[in-house]
1. Quick one: how many residues across segment 329-353 are without any contact (Cβ under 8 Å) to a residue 12 or more places away in the chain and closer than 18 Å to Leu237 by Cβ?
2. State the number of residues belonging to segment 140-194 that are buried (at least 22 other Cβ atoms within 10 Å of the Cβ) and β-branched (Val, Ile, Thr).
3. Being near the ligand (Cβ under 10 Å from one of its atoms) and either out of contact with any Lys or Arg (no Cβ under 6 Å at 6 or more places or on another chain) or more than 19 Å from Asp327 (Cβ to Cβ) (or both) is the filter here; which residues of segment 53-66 pass it?
4. Just the residues that are surrounded by fewer than 16 Cβ atoms within 10 Å (Cβ to Cβ), among the hydrophobic types (A, V, I, L, M, F, W, C) and in a loop (DSSP other than H, G, I, E, B), please, taken from segment 249-276.
5. I want to confirm something. Restricting to segment 147-204 and keeping residues that are part of a loop (DSSP other than H, G, I, E, B) and β-branched (Val, Ile, Thr), which single residue is farthest from the chain's Cα centre (by Cα)?
6. Determine which single condition Ala217 fails, assuming it passes every other condition in (1) under 15 Å from the mean Cα position of the chain (by Cα); (2) surrounded by fewer than 18 Cβ atoms within 10 Å (Cβ to Cβ); (3) among the aliphatic types (A, V, I, L, M); (4) under 21 Å from Ala71 (Cα atoms).
Amino acid sequence: MIEARERTLKDDICEIIADEGPMSLERYMAFALTHPTKGYYTSRNPFGADGDFVTAPEISQMFGELIGLWAAEIWSQIGAPPRVRLVELGPGRGVLMADALRAARAAPDFFAAIEVELVEASDLLAAQQGAALAGSGKTPSWRKSLDEIPAGPAIFIANEFFDALPVRQFLKTAQGWRERLVGLDPDGQLAFGLKAEVEPYIKAEAQQGAILELGAAAHRLMTRIAARIVTDNGAALIIDYGYGRTDFGETLQAVKAHQFVDPLAEPGLADLTTHVDFSALARAAASTNALVHGPVEQGEFLKELGIFQRAEMLKRNATPQQAAAVDSALARLAGDGAGEMGALFKAMAVTRRSLKEAPGFAPATSR
Ligand code: SAH
């Protein structure tokens, strides 16, 4: 007897398309990334050298430590509320939060005020976050969505989170903007196609062939965070790869084992991301009457926060080998060369309008 092969997420998606017709890229991305049992984040361990990609907190402890000190500073600027929720969206392996909390102990009043909240879709990663924070002196609460976090002052941190939120894509054709859909080709394989009807509500002027990516989930989330900051007090720090101005171009990419792969080839087995449209996030935040700081390049932000001084401190009692590792991490995080994150990644903060200057950013100009 031949045993049936286990059903993959791709089989499920193909069946849905066969039954219901082509689906939006947004729905496809949501399946591929956060399907409850077969999604990329919910079923795999993406991080590290033997995983699929490496993020800033995984490169060096300096990253999370500086963010912990940023949070301590902003907490005192917003009036040092005696209880503050330190909320991380998409904490991965929990490394950033562990480093941030260790650094935050240098500000004992802040450390005492913190309640840690982790917004995480994956139970697998939540377990790893729990292990990473076991000795941190804080017991985190896990939430599946932002709305579950109790009211009150909160500082939100999101590193490489917004890039994982699903987007819709539209192509400018001779007839107008048409949505790109994921359907089936004649061989039954997943393939991109175009919706028959034109989208009359998209007014953006662009050349034929231009692609527009719209992230409704990112917009909704940014709006909720900013509105909460305005009503309950707090701040947000968002770091991601992206661009400062809404532009036309395809940024959807799939990565597996540190290589780019076809985004439709293996849903659930490869990471899918798009570049974050920081100007769209800034507009969303400003629409709630919050104040937006930046975006600035990650390298600039980390230098403002003192990454050079932090690196010198770490090197003081280090072996030559350890010192070389600190220097190489410093270059990767703050350098602007090829393969370095300093210029590709951007940092943006959101506060109430009364806070004109946030650590790491030049004084905010009104939008
Ligand atoms: N911030 C971490 C991990 C980035 S990867 C780091 O810098 O290393 C993205 C993280 O967001 C993962 O933890 C993933 O499981 C989580 N995630 C992705 N989509 C999500 C969603 N829709 N809701 C909640 N968490 C999500």
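1. Number of matching residues: 0.
2. 4
3. Within segment 53-66, Phe53, Val54, Thr55, Ala56, Pro57, Glu58, Phe63, Gly64 qualify.
4. Ala257, Ala265
5. The selected residue is Val198.
6. Every listed condition holds for Ala217 apart from (4).
Rundown of residues vs (1) out of contact with any Leu (no Cβ under 7 Å at 6 or more places or on another chain); (2) farther than 30 Å from Arg352 by Cα, yes/no style:
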| position | (1), (2) |
| --- | --- |
| Ser122 | yes, yes |
| Thr139 | yes, no |
| Ser145 | yes, no |
| Val182 | no, yes |
| Pro186 | yes, yes |
| Leu190 | no, yes |
| Ala217 | no, no |
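Read-outs throughout are calculated quantities, based only on the coordinates presented, and are distinct from any laboratory measurement. Remember, predicted model here, so these are calculated numbers, not experimental data. So basically every Cβ, Gly included, is an ideal-geometry build from the backbone, and we count neighbours across all protein chains shown.
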